[in-house]
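J.: The structure is given below, and queries will be raised subsequently.
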Amino acid sequence: MKSQVKHEEKKSQKLLEPSFQDLILELEEFWADRDCVLQQPYDIEVGAGTMHPETFLRVLGPEAYRVAYVQPSRRPADGRYGENPNRLYKHLQLQVILKPPPADIQNLYLQSIRAIGIKLSEHDIRFEEDNWESPTLGAWGIGWQVLLDGLEITQFTYFQQCGGIDLDPVSVELTYGLDRIAAYLQSVDNVFDLRWSCHRRYGEVRLAEEQQFSAYSFDYANPEITRKLFDLHEREANALLEAFGQASDEVKRRFPVLAAYDQCLKCSHLFNVLDSRGVISVTERATLIGRVRQIACRIANAYLAQRSLASAPVSKAVRGEA
Amino acid sequence: MKSEAPTHSNNNTKREFAQFFLEVGCEEIPAGMICGAAKELQIILNKYLALEKLTDGTEVIAFGAPRRLVATCPHVWLKQEDIQRQITGPPKSAAFDGQNAPTRVAQGFAAKYGVGVEKLFVVSTPRGEYVAVEQLVAGRAAAERLAEIVPRAIAEIPWPKTMYWTGASGLRFIRPIRWVVALLGGRALRLEIAGVAAGAATTGHRFLGKSSIAVSSYNDYLGKLEKNYVLALPAKRHEKVDRELSKLAAGKGLRVHADAALLELVVYLNEYPSAILGNFDPTYLELPEEILITVMRDHQKYFALRRRDGRLAPNFLAVINLDRDAKGLVCAGHERVLRARFADAKFFWELDQKCRLADYLPKLASVVFQAKLGSYGEKVERIRALSRWFAEQWFARGIQQARVAHADRAAELAKCDLVTGLVREFTELQGIVGGLYAKAQGEPEEVCWAVYDHYRPTGLDEPTPRNLTGATVSIADKLDTLVGCFAVGLAPTGSSDPFGLRRAGLGVVKIILERKLPVSLSESISAAARGLFGYSPKLKVTPEIEKSVGDFLVERARYVFLEREGFAYDEINAVLAAGADDLVDAQDRIAAVREIRKTRNFEPLAVSFKRVRKILEKAGSEKKWRFPAVRPELFQEEAERKLHAAAHRVAAEAQGHKKVRGYREALQGIAKLRPEVDEFFDRVLVMAEQEDIRRNRLTLLAELLSEFSTIADFSEIVAAEK
């Protein structure tokens, strides 16, 4: 009974002005109700929710899949030592993958916006052309950024290619910019003023992290060591891929392709650190991106080869919807 | 060998027609592509309807809105015409035996077309006698043909980048198709596109309209959609936006900062556009208005507003996809977004100026211009050298405003803003930001505007740099790009021109012509080539490459003369054939030709020159016949002597005029040669039997042609038909 009252109280407060964590809970609940696996953030530094294996690998191959998760995404070059009201070293995305996308996917998405308390007919919501591309992942898609009264709140993408492989079926990727949406809902101009929970502000929870990681990636990261780390992770990834190529089917079935992917993610993040440190020349930049992409594409192929050896697919193949 | 030929039609007296209507319902199509796609759809449908003989020539109308492409044709025949065809079969010899009885071949042929052998008849053709059969080909129902045509037509619409969504082998289109309305005479056609069955139901505004609306005709469609908050016709949306913008501005005593491109964009971004007025903190007006307008226009698609005195007002107009903003929520949202954008701009504006513009120069070493052509830092070195070279040339030729020091400084600073925070954030402000910083930091005004303007002109109708230093740096920058890209194999091919070289070339031509700059194209290209070799990337540019850049620029000039100056093809060809290294001079010569060609003697003279050219070409290599000079002692006819003397006199006069660029006078003088030339051709046979007389006459004509072809090659002039 007591908890019932507390829940009601929370609900009414939520309608007024949802906290940052309320927003996450609402969206996760919404997508869980629509048959999504609720996954957890990946435990390696990534630049975007797309790099989580639940997206990068799951969109490959024929099996249907639905997943949602929050992914803290690190963009070292966007760090501002916690001094800029809108820019963050690390921001939080809510990522949803629908494979294959249902025909009413746009409506479904809009329902999720209604679910977080936005009355659609009272707002200027639009889909403006914005095609997404990740050169390091060999991935691209066609889509829009969704604008809410002029504010970009979501990237909506029909994935066409990932790891250099044409996708069939395609997946829809929805990436909600949680910090922005929360700032909108709470009418706050500075992200650090957001109410994270009933009693804590975003700044209280995250400011130190912003300050320290901005300082690390702009001022402290040792370029020489970072480069070496990049090389080491690359070597490990390539060694694994090499071994996979030569393994028998029996060995391939349980081969650590996923571990090779972790090495690839490490490389991608280390590249971002080097980039924000300002020590990469132009030609080197293109070369490093190419090296990461090459690993990513090889992993995508290895993953598919491994999946084709699996005795039973993860779930039924694609239903005939799109 | 069977051929088919329609002979006559039958039973086609009373034909019925009906209205065809098509709507392709999509997820949001990129705004910039809708208008073009509708035009393509119109062309494709017209093509198919004509091909299938389904219209009486009435054209299709097509247009679009963010979620739909619409096409309709008021007059489509319900049925194709029946056609009587004669089908030619096997040769008569094979079809009938000696007794004139039908063979198995004839029987087979008749059976194939479902007739008895008695219906066969003989036709004679150029190849001999054949048997034939007449057959009535019944016209097919339009509904049946359209069901095939429409999906094909939709799939044929060209797009810059397409996607698939039903599977890798499915239809590729700009965005997923979610519904299709296809009607003939109000009845739904049975067809399917990308798994979507056509029907008679459309969809209204995403939030304000019904999601399923039955429609029976084009007019019914327009009316019902409007009630459901979709203005399907672009003109209606345009009119609504325009009216509301003006009204809101007038209500505040302001006027809209006119922007036709932005207006067109919002017309295609909204299905039911409405304007709202928002405010921003007046303290942001301290920022330069270029920055404020760019942030509003390019990033938020807002219209800026001006006061009566021309200054910017702290307001903006946004166009939203709603009927109204009853609670002011939308306006508050847009205001908050703009506030954050302006705060960003202000932050960078202040941060960037903590050091001087020139201090950014070393950072350009790490910004790539083109992989094989190196960094912007290296490009700046080359542009500086080339700018100095131009300024020196011009100063030496008496252009007092040409200041080498200014040109050098402007070129040095031109690219610095590429590494400032503001330009990284708002790339379309490149050049402008550099100019503004230079000004704030006390650089000479000439240098500031030069930096500000050096990307100009950005299009054929866009302004060129406002001062000579800006023109200098602009030409140097573009020429370096052109020669460099050509040298590393990046010359534009077909529609592919990733470095915008055509635009760069047009820019060079436009600046030269507008400022009437004395520029030798070949020498300038060589100077640019020397820069690419003397500085990094130490690239050797071959004479062939230099020539192809020259030809490329002359092609741009040809385009400018034709499209901008309105000169005729043949006038341009005639002049450029006589030399195109100095474009200002070429333009003067074309203007003179255009004026003189109206006079009585000119075109007949041009015809004579063409004749001269043909005669000389026929005579073969000059080495075989040309004397070092005309030998008057070999003249036989009075007409020869007269032409020679007149040519001599006119040439001397023309030389005098040409020296002071009096091309009109020179051409007038040349035109006066007509009686002598006419008389020569009337009286004299050039190809005389006696060799030295013939050679002498050819030499006379050759001298005439070369002497008078320095202004324009008259043989290129196409005489008007009488």
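The values are calculated or read from the model by the stated rules, or taken from the named source; none is laboratory data. The structure displayed is predicted, hence computed values, not measured ones. Every residue, glycine among them, receives a Cβ derived from its backbone with ideal geometry; neighbour counts consider all protein chains shown.
J.: Which numbered condition in (1) among the acidic types (Asp, Glu); (2) under 25 Å from A:His52 (Cβ atoms); (3) touching a residue at least 24 places away in the same chain (Cβ under 8 Å) is the only one that A:Asp231 fails?
T.: Just one mismatch for A:Asp231, condition (3).
J.: Considering only segment B:232-269, state which residues are hydroxyl-bearing (Ser, Thr, Tyr) and under 24 Å from the mean Cα position of the chain (by Cα).
T.: The one that is hydroxyl-bearing (Ser, Thr, Tyr) and under 24 Å from the mean Cα position of the chain (by Cα): B:Tyr268.
J.: Same structure, new question: Among the residues of segment B:335-359, count how many are touching a helix residue (DSSP H, G or I) at 6+ places or on another chain (Cβ under 7 Å) and either within 10 Å of another protein chain (Cβ to nearest Cβ) or farther than 30 Å from A:Glu122 by Cα (or both).
T.: Here the count works out to 12.
J.: Which one is surrounded by the most Cβ atoms within 10 Å (Cβ to Cβ), of the residues in segment B:594-616 that are among the basic types (Lys, Arg) and assigned to a loop (DSSP other than H, G, I, E, B)?
T.: B:Arg597
J.: Do we have A:Val46 as within 14 Å of chain B (Cβ to nearest Cβ), buried (at least 19 other Cβ atoms within 10 Å of the Cβ) and assigned to a loop (DSSP other than H, G, I, E, B) here?
T.: no
J.: While we're looking at this one, here's another question. Among the residues of segment B:223-238, is there at least one that is away from chain A (no Cβ under 14 Å) and of a type in the set (Phe, Trp, Tyr)?
T.: No; the residues of segment B:223-238 include none that is away from chain A (no Cβ under 14 Å) and of a type in the set (Phe, Trp, Tyr).
J.: Do you know which of the residues in segment A:71-92 that are over 18 Å from the mean Cα position of the chain (by Cα) and among the charged types (D, E, K, R) is nearest to A:Cys267 (Cα to Cα)?
T.: A:Arg80
J.: Separate question: Only one residue in A:Ser171, A:Ser197, A:Ser112 is over 28 Å from A:Gly61 (Cβ atoms) and of a type in the set (Ser, Thr, Tyr), so which one is that?
T.: Just a single option satisfies the conditions, and that option is A:Ser197.
J.: Could you check segment B:46-61 and list, in sequence order, the residues that are out of contact with any Cys (no Cβ under 7 Å at 6 or more places or on another chain) and among the aliphatic types (A, V, I, L, M)?
T.: Answer for segment B:46-61, where residues must be out of contact with any Cys (no Cβ under 7 Å at 6 or more places or on another chain) and among the aliphatic types (A, V, I, L, M): B:Ala50, B:Leu51, B:Leu54, B:Ile61.
J.: How many of the residues making up segment A:187-196 are surrounded by 22 or more Cβ atoms within 10 Å (Cβ to Cβ) and within 11 Å of another protein chain (Cβ to nearest Cβ)?
T.: Selection size over segment A:187-196: 1.
J.: Then there is this: Check off (1) within 37 Å of the chain's Cα centre (by Cα); (2) within 30 Å of A:Ala183 (Cα to Cα); (3) touching a residue at least 60 places away in the same chain (Cβ under 8 Å) for B:His334 and give me the number that stays unchecked.
T.: Just one mismatch for B:His334, condition (3).
J.: While we're here: Answer yes or no: is there a residue in segment B:187-200 that is away from chain A (no Cβ under 12 Å), under 28 Å from B:Gly32 (Cβ atoms) and not in a strand (DSSP E or B).
T.: yes
J.: Also, quick follow-up: From B:Leu269, B:Leu287, B:Leu265, grab the single residue that is closer than 30 Å to B:Asp352 by Cβ and either within 14 Å of another protein chain (Cβ to nearest Cβ) or in contact with a Gly (Cβ under 9 Å, 6 or more places away or on another chain) (or both).
T.: B:Leu265
J.: Further, regarding this structure: Is segment A:247-261 home to any residue that is free of Cβ contacts under 8 Å to residues at least 24 places away in the same chain, under 27 Å from A:Gly278 (Cβ atoms) and more than 14 Å from chain B (Cβ to nearest Cβ)?
T.: No.
J.: Looking at segment B:48-60, I want the residues that are on the phi > 0 side of the Ramachandran plot and have a partner that is in a loop (DSSP other than H, G, I, E, B) with Cβ atoms under 7 Å, at least 6 apart or on another chain. Which pairs are those?
T.: Partner pairs satisfying both residue conditions: B:Lys53/B:Gln80; B:Lys53/B:Glu81.
J.: Kindly indicate whether any position in segment B:360-381 is part of a helix (DSSP H, G or I), away from every other protein chain (no Cβ under 13 Å) and under 18 Å from B:Thr481 (Cβ atoms).
T.: The answer is yes, given that some residue of segment B:360-381 is part of a helix (DSSP H, G or I), away from every other protein chain (no Cβ under 13 Å) and under 18 Å from B:Thr481 (Cβ atoms).
J.: Counting only residues that are surrounded by 18 or more Cβ atoms within 10 Å (Cβ to Cβ), within 11 Å of chain B (Cβ to nearest Cβ) and hydrophobic (A, V, I, L, M, F, W, C), give me the strands (runs of 3 or more DSSP E) lying completely in segment A:88-162 with at least 1 of them.
T.: Per the criteria, A:125-129, A:139-148, A:151-162.
J.: Among the residues in segment B:139-152, are any away from chain A (no Cβ under 14 Å) and assigned to a loop (DSSP other than H, G, I, E, B)?
T.: For segment B:139-152, residues away from chain A (no Cβ under 14 Å) and assigned to a loop (DSSP other than H, G, I, E, B): present.
J.: Within the group B:Val131, B:Val196, which residue is of a type in the set (A, V, I, L, M) and at pLDDT 95 or above?
T.: The match here is B:Val196.
J.: Filtering segment A:163-186 down to residues that are in a loop (DSSP other than H, G, I, E, B) and not small (Gly, Ala, Ser), which residue is farthest from the other protein chains (Cβ to nearest Cβ)?
T.: Across segment A:163-186, the extreme among qualifying residues is A:Gln186.
J.: In addition: With B:Ala396, B:Ala440, B:Ala358 as the choices, which residue is free of Cβ contacts under 8 Å to residues at least 24 places away in the same chain, aliphatic (A, V, I, L, M) and surrounded by fewer than 19 Cβ atoms within 10 Å (Cβ to Cβ)?
T.: Answer to the check: B:Ala396.
J.: Quick one: what pairs do we get from segment B:61-84, first residue within 18 Å of B:Asn219 (Cβ to Cβ), second among the basic types (Lys, Arg), C-beta under 8 Å, 6+ apart or different chains?
T.: Once the first residue is within 18 Å of B:Asn219 (Cβ to Cβ) and sits in segment B:61-84, its partners that are among the basic types (Lys, Arg) give B:Ala62/B:Lys39; B:Ala65/B:Arg237.
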